Amino acid sequence: MRGADLINTKLPADIVACIFLRIAGSKSDCDAFSLVCRRWLSIDRSFRSTIRIGGSGRADEVVSLLVRRFSGLRNVYIDERLPVSSVHQILPYPSRPRSKRRRLSSSSGDHHLIKSSVVGESEFEQFCLTDVGLSSLANGCKALQNLCLIWCPNLTSSGLNSIAENCKFLKSLDLQGCYIGDQGLIAIGQNCKLQDLNLKFCEGLTDTGLVGLARHCGRSLKSLGIAACAWITDVTLEAVAFHCSSLETLSLDSELVMNKGLISVAQGCRALKGLKLQCINITDEALEAVGSFCSSLELLALYSFQRFTDRGLSAVGNGCKNLRDLTLSDCYYISDISLESVARGCPKLKRLEINGCHHIETFGVENIGKSCPELLDLALLYCPRIRNSALHEISKGCLHLQALDLVDCSNIDDDALCSIAKGCRNLKKLHIRRCYQVGDHGVIAVGENCVSLTDLSLRFCDRVGDEALIAIGQGCPLQNLNVSGCHQITNAGITAIARGCPGLICLDISVLQNLKDIALAELGEGCPILKEIVLSHCRQITDAGLAHLVKGCTRLETCHMVYCPSVTSSGIATVISSCPSLKKLLVEKGKVSERTKRRASSILSYLCVDL
């Protein structure tokens, strides 16, 4: 019967609540759900579990309103960096009181705030989240499990004490950039069975706070991240080793941590599965301890190490048989010798990234290809000594490879890429940047053999032209394409992509000097779900081309078009008026009319040239 409420009369509240919980991961779906009727609005308020808001503006009042409205919050993310809708739409100005306060939108669960560009730094800090707002959160969200506070400089131990006293079920805490003192962290340890803790740029913390936390909740702690905390030393790591026997993930970025602390962790935390280190004073002795005691290690990332050699990494390769993910970044003294040890000792390796390790050559990567058949992801960044034969071995031994990333590998050419295309037919992601020996021949082989490829980047590979893109368009269901700086690509190549890849979502065609409006017209007709496009430095693009593009690509969310001399204020206005989902438009400020600035100030971003 027309107008009858068949759902609410037939379904009990608990069934409707179960339906809501099924969609609770999507904010837009939750918002739509809450707008159906008052009953569903009430269910939304009771069961909405997650909010994300900015930590600036009048954050204390916003937090107070939100916790009163949504009684079932379990995950709260407060981040000063979030750039979204203005606080003036949520709260009244204190200087202009009104008879009736504007209330929060009933359907809004993930509320975001934006900083005013005219607020000075000292005035801005006065409007950051304070202990008052954090206390409101603690009192209103007793079931809180995950709390993320990023760059909230006005918070102190007092606010954290409120969380500790009221939120007994807290499991995860992120305090990046918060000046929290030792007493607040100790209170968390005393009252909460914390499992995950991330401390980055927490300048107010010393060993006292972390030792106190480890003493009280060490048995439950599974993940710990410490970075740029100026007063944290080996004393903390020794306490972690003694109290946190169940620790599984440790991330350290410190100039004060020495071998003694890491050796203690290796000996005391033998369940460790993930270890990320950027500690300039760590040497081979500490890594040998990791290899000896951490047999369950699955992930190891070493950044900017200048004091350890093949001896340390070889010990890890020989002792950590379950290693699946290895990152070596700017490790100057590592060579093929230790990479061979990793290859032979860690046959379960699935991901390998080598970044700027200039003593690693072809032989080491060849051994990976021969001994690690389960490899899925390989990244060779700034490795000028690695030659084609390394990728030949990868193509023979790593048949399940899904992602390959090559940056500044000057000795890799089309022959290597052809081998990968023919041997690794499951490839889904291929990123190549500034590999000047790679041209059409290699990319054509990819298009003919890698039918699952969805993500392709060929930035500044200036030997790649239209023939390569024609093959890709005919053979690969691309969703992401970046051909920035590939000067030989013209309208023909982009037309082939537009006609062959209707599922394209992200496209970067910047710095293509030969691209004209006809290519944009083809994209508008052939890629209806395109969301992101970069057109910067395309000198022949005009307003007419933009009009054709946005006529079909109405779902566009991000558009960059700086240094396009033939694009005028009219073209910019056309893009804004035709794309209702647009969130960011990067242009030169001088090209935007005053009317457009008034209509779309929240989505306009300007190229910074006044430096």
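The values are calculated or read from the model by the stated rules, or taken from the named source; none is laboratory data. Small disclaimer: the values here were computed from a predicted structure and weren't measured. Positions of Cβ are generated from backbone atoms using ideal geometry, with glycine treated the same way; all protein chains shown enter the neighbour counts. The protein model used for the area step is the full one, side chains on, heavy atoms only, and it has no ligands, DNA or RNA in it. Shrake-Rupley method; radii C 1.70, N 1.55, O 1.52, S 1.80 Å.
What to note about this one:
- Residue in region 302-311 that is of a type in the set (Phe, Trp, Tyr), part of a strand (DSSP E or B) and touching an Asp or Glu at 6+ places or on another chain (Cβ under 9 Å) present: yes
- Residues of region 40-56 that are open to solvent by less than 60 Å² (accessible area, probe 1.4 Å) and either in a helix (DSSP H, G or I) or of a type in the set (Ser, Thr, Tyr) (or both): 40, 41, 43, 44, 46, 49, 50, 56.
- The residue of region 304-346 that is nearest to the chain's Cα centre (by Cα), among those that are of a type in the set (Ser, Thr, Tyr) and closer than 17 Å to residue 284 by Cβ, is 304.
- Only listed residue being surrounded by 11 or more Cβ atoms within 10 Å (Cβ to Cβ), modelled with pLDDT of 75 or more and within 32 Å of the chain's Cα centre (by Cα), chosen from 30, 37, 18: 18
- Some residue of region 167-176 being open to solvent by 20 Å² or more (accessible area, probe 1.4 Å), farther than 17 Å from residue 78 by Cα and more than 22 Å from the chain's Cα centre (by Cα): yes
- Checked against (1) within 27 Å of the chain's Cα centre (by Cα); (2) assigned to a helix (DSSP H, G or I), residue 432 passes all but a single condition, namely (2).
- When the residues of region 137-156 are filtered to those that are in a loop (DSSP other than H, G, I, E, B) and among the hydrophobic types (A, V, I, L, M, F, W, C), the one that is most open to solvent (accessible area, probe 1.4 Å) is 151.
- Given (1) over 22 Å from residue 455 (Cβ atoms); (2) touching a helix residue (DSSP H, G or I) at 6+ places or on another chain (Cβ under 9 Å); (3) open to solvent by 40 Å² or more (accessible area, probe 1.4 Å); (4) not β-branched (Val, Ile, Thr), number of the condition residue 399 does not satisfy: (1)
- Among the candidates 247, 185, 213, the residue that is outside any helix (DSSP H, G or I) and crowded, with 23+ Cβ neighbours inside 10 Å is uniquely 247.
- Restricting attention to region 408-424, the residues that are within 30 Å of the chain's Cα centre (by Cα) and open to solvent by 10 Å² or more (accessible area, probe 1.4 Å) total 2.
- Filter result for residue 109 (over 25 Å from residue 230 (Cβ atoms), modelled with pLDDT under 90 and surrounded by 15 or more Cβ atoms within 10 Å (Cβ to Cβ)): yes
- Entry remark, region 227-239: residues being over 16 Å from residue 268 (Cβ atoms) and either in a helix (DSSP H, G or I) or within 24 Å of the chain's Cα centre (by Cα) (or both) number 3 in total.
- Apart from one condition, residue 198 fits all of (1) buried (at least 18 other Cβ atoms within 10 Å of the Cβ); (2) part of a loop (DSSP other than H, G, I, E, B); (3) of a type in the set (S, T, N, Q); the exception is (2).
- Checked against the criterion of being at pLDDT 95 or above and open to solvent by 40 Å² or more (accessible area, probe 1.4 Å), the candidates 558, 568 yield just one match: 568.
- Of all the listed residues (328, 297, 277), the sole one being crowded, with 19+ Cβ neighbours inside 10 Å and within 21 Å of residue 402 (Cβ to Cβ) is 328.
- Odd one out for residue 489, checked against (1) open to solvent by 10 Å² or more (accessible area, probe 1.4 Å); (2) out of contact with any Cys (no Cβ under 9 Å at 6 or more places or on another chain); (3) within 26 Å of residue 514 (Cα to Cα): (1)
- Only listed residue being farther than 19 Å from residue 49 by Cα and in contact with a Cys (Cβ under 7 Å, 6 or more places away or on another chain), chosen from 198, 154: 154
- Looking across region 441-482, the residues that are part of a loop (DSSP other than H, G, I, E, B) and either open to solvent by 40 Å² or more (accessible area, probe 1.4 Å) or not aliphatic (A, V, I, L, M) (or both) come down to 450, 451, 452, 454, 459, 460, 461, 462, 476, 477, 479.
- Among the residues listed as 321, 348, the single one being in contact with a Ser or Thr (Cβ under 8 Å, 6 or more places away or on another chain), open to solvent by 10 Å² or more (accessible area, probe 1.4 Å), modelled with pLDDT of 95 or more and more than 18 Å from residue 277 (Cβ to Cβ): 321
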